[in-house]
Amino acid sequence: MTVLKASKSDLRKLLGAIAGEKRLIAPIADRTAVRFAEIADSAEICLEYRNPRMSARSALFPQSEVLLTFDGETATDARPEYRETVLFGVRPCDARAFTMLDRVFRWEGTDDPYYVGRREAATVVSLACNESGAACFCTSVGGAPHDETGSDVLAIDLGDDVLLRPVSERGETLLATFAPGMTEASEADLDRAAKFAEAAKAGQPDVAIPTDLEGLKKLFDSEVWEEFAMTCLGCGACTYSCPTCHCFDITDEEKRGVGYRVRSWDTCAFPLFTLHGSGHNPRPAKNARVRQRVLHKFLYCPENFEQVFCVGCGRCVTNCPTGIDIRKILGRVSQLVASG
């Protein structure tokens, strides 16, 4: 597939044309942070930023959504018509996370129609990282700052220009439709991009990831989870900002027989997450909830999906109010597994 080159002004024109015909979600900067939002004017798009505090997960899996409405015994599916959407500026770690959400919401032929509707309507244009953030460790979990996984187009910032590398047929179609006549990237451009990729990889730490699943199982009753839980507030900042977390709760909001069924994000960090109707809670203590978060990503998901459900974005590190660092947890766990 042909790699194209566009000046940043031409890129904004291209994105403006896309916004005129499709739903465009891209990073914007407000007074407090960079965040993903639906935009109509490409001038709003922020092209120079580190990973936003929140991932782009909500574009495909909203924090809260109405599944159906009901009136007495009559229920109506609340699924909207999903508009063709372009997600621009998603970092490679977040694009890779979409492939993990795909595994969950399309597990063993049981599709979640709400997620699938948004996913099939979405084209992902990721923006490669030319510099790693202080908390990033994507290379330790199989990713890379210029990884194409989960992307339809990979954009690479060269300073004044941007390379647009189509990764899928959907991405190729997008560029053919909205970027006809753009200049083909030269060998010199591709060499510069490769050097940016190598430099960004070189800036990544080597984080120990436990791969001995049987060894991890033996740590289930270890006192180490109490040690990790000592500074945890149970606030959920780590899981709500994580691009691969996918737990949710479903509630009915009703008044006089009329109401809504709503799905909302939930987190294993909350005590009520596992509370049974009987009053029994299998994970009443904080140490059990911390253990669940770690083992879910590094034991249960590898067992179910043959894949670690962490993309090394580092958000759980930067967003934790007490400074809990998953990289240190993984290092300690790896040591314990190795020592038997």
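Here residue 205 meets each of (1) of a type outside the set (Ser, Thr, Tyr); (2) modelled with pLDDT of 95 or more; (3) surrounded by 12 or more Cβ atoms within 10 Å (Cβ to Cβ); (4) not in a helix (DSSP H, G or I) with one exception, condition (2). Restricting region 153-168 to residues that are modelled with pLDDT of 95 or more and not in a strand (DSSP E or B), the residue that is nearest to residue 188 (Cα to Cα) is 158.
The set of residues in region 169-202 being within 19 Å of residue 124 (Cβ to Cβ) and either part of a helix (DSSP H, G or I) or without any contact (Cβ under 8 Å) to a residue 24 or more places away in the chain (or both) consists of 169, 170, 171, 172, 173, 174, 175, 176, 177, 178, 193, 197. If the condition is being free of Cβ contacts under 8 Å to residues at least 60 places away in the same chain and either in the same structural domain as residue 79 (by TED's automatic domain parsing) or surrounded by 18 or more Cβ atoms within 10 Å (Cβ to Cβ) (or both), then region 246-272 contributes 266, 267, 268, 269. Evaluating residue 76 against the criteria (1) in a loop (DSSP other than H, G, I, E, B); (2) among the hydroxyl-bearing types (Ser, Thr, Tyr); (3) farther than 20 Å from residue 56 by Cα leaves one unmet condition, (1). Test residue 318 against the stated conditions and say whether it is farther than 23 Å from residue 96 by Cβ and either exposed (fewer than 13 other Cβ atoms within 10 Å of the Cβ) or not aliphatic (A, V, I, L, M) (or both). Considered against the rule, which asks whether it is farther than 23 Å from residue 96 by Cβ and either exposed (fewer than 13 other Cβ atoms within 10 Å of the Cβ) or not aliphatic (A, V, I, L, M) (or both), residue 318 comes out as no.
Looking at this structure, is residue 105 touching a residue at least 60 places away in the same chain (Cβ under 8 Å), touching an Asp or Glu at 6+ places or on another chain (Cβ under 6 Å) and either exposed (fewer than 13 other Cβ atoms within 10 Å of the Cβ) or over 26 Å from residue 16 (Cα atoms) (or both)? It is true that residue 105 is touching a residue at least 60 places away in the same chain (Cβ under 8 Å), touching an Asp or Glu at 6+ places or on another chain (Cβ under 6 Å) and either exposed (fewer than 13 other Cβ atoms within 10 Å of the Cβ) or over 26 Å from residue 16 (Cα atoms) (or both). Looking across region 1-18, the residues that are among the basic types (Lys, Arg) and not in a strand (DSSP E or B) come down to 8, 12, 13. Evaluating residue 197 against the criteria (1) modelled with pLDDT under 95; (2) in contact with a His (Cβ under 6 Å, 6 or more places away or on another chain); (3) among the hydrophobic types (A, V, I, L, M, F, W, C) leaves one unmet condition, (1). What do you reckon, is residue 237 hydrophobic (A, V, I, L, M, F, W, C) and either free of Cβ contacts under 8 Å to residues at least 12 places away in the same chain or under 26 Å from residue 33 (Cβ atoms) (or both)? Answer is yes for this residue.
The values are calculated or read from the model by the stated rules, or taken from the named source; none is laboratory data. These numbers were taken from a predicted model, which means no experiment stands behind them. Cβ atoms come from the backbone with ideal geometry, glycine included; neighbour counts cover every protein chain shown.
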